Amino acid sequence: MVKIALQIKATLENIEELKPNDESTPAQRGNAINHFISKCKLCSRENSMTIIEDSIKSYNSDDQGKFKIIVCLECRGIEPCDYSPREGWIAKACNNGNVFTDIDLSDGEWVEYCDKINSSVGIYEIESRFERIK
């Protein structure tokens with residue numbers, strides 16, 4: 001088993017907090033919860049990734065311009081090499097603004113208008129990388 005941290009870096013416009021939503025898939029055997037399952041076409045072995053409990057962190061406005069770990073993974077039989085943010089993100093606008101749910105970052109950016117703060121909000125220039133951890 002290998003532990004790997006996913007780090008992101010982004011530019012936030014009037015966003016105080018950005019965090020991923022939790023998704024899981026039940027394992028085919030036992031009571032385990034997996035967050036990603038892949039079956040080898042050659043040997044039929046089931047490989048999986050599981051989010052380490054309590055490892056999901058927010059990316060805050062203070063973190064802009066630097067990489068920050070947002071989640072740690074236990075990898076069995078596979079190791080991630082590329083990450084593409086998709087749907088399911090949650091963002092909180094600054095100054096007690098709106099909370100936006102199910103944000104789709106598959107285009108590499110997201111823009112919306114917050115009526116509570118009467119200003120546009122956005123997430124831009126998303127970068128990611130993986131790092132082995134102990």
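The values are calculated or read from the model by the stated rules, or taken from the named source; none is laboratory data. Just so it is clear, the model here is predicted, and its values are computed rather than measured. Cβ atoms come from the backbone with ideal geometry, glycine included; neighbour counts cover every protein chain shown. The area values use the complete protein model at the heavy-atom level, side chains included, leaving out ligands, DNA and RNA. Shrake-Rupley method; radii C 1.70, N 1.55, O 1.52, S 1.80 Å.
When Lys and Arg each count +1 and Asp and Glu each count -1, what net charge do the other residues less than 9 Å away from Ser61, Cβ to Cβ, add up to?
Numbers: positive: none; negative: Glu16, Glu17, Asp62, Asp63.
Local net charge: -4.
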Does the chain come out rounded, prolate or oblate, given a ≥ b ≥ c as the square roots of the eigenvalues of its C-alpha gyration tensor, rounded meaning a/c under 1.5 and, failing that, prolate meaning a/b above b/c? prolate
Given +1 on the Cβ of Lys and Arg, -1 on the Cβ of Asp and Glu, and no further charges, what dipole in debye does the chain carry about its Cα centre, rounded to the nearest 20? 840
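Working with all protein chains in place, sort Lys41, Lys57, Lys68 by solvent-accessible area computed with a 1.4 Å probe, largest first. Kindly include the intermediate steps, with their values, before the conclusion.
Numbers: Lys41 195, Lys57 95, Lys68 55 Å².
The ordering from most to least exposed comes out as Lys41, Lys57, Lys68.
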Taking protein heavy atoms only, a 1.4 Å probe, and rounding to whole percent, the accessible area of the range 53-134 owed to carbon and sulfur comes out at 41
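First check a/c for the range 66-134, with a ≥ b ≥ c the square roots of the eigenvalues of its C-alpha gyration tensor; if it is under 1.5, answer rounded, and if not, answer prolate when a/b is larger than b/c or oblate otherwise.
prolate
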Total lysine pairs under 21 Å (Cα atoms) in the range 9-134, excluding pairs fewer than 8 apart on one chain: 18
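Please return the longest stretch of the chain lacking exposed loop sites, where GluC sites (Glu not before Pro) count only if DSSP places them in a loop and at most 15 other Cβ atoms lie within 10 Å.
Result, exposed sites excluded: 54-86.
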With the contact rule set at Cα under 8 Å and sequence spacing of 6 or more, what percent relative contact order holds for the chain? 36
For Gln64 and Glu112, calculate 0.36 nm times their separation in residues minus their Cα-Cα distance, and state this gained length in nm to one decimal. 15.4 nm
Which whole-number percentage describes the relative contact order of the range 72-129, with Cα contacts under 8 Å and a sequence gap of 6 or more? 26
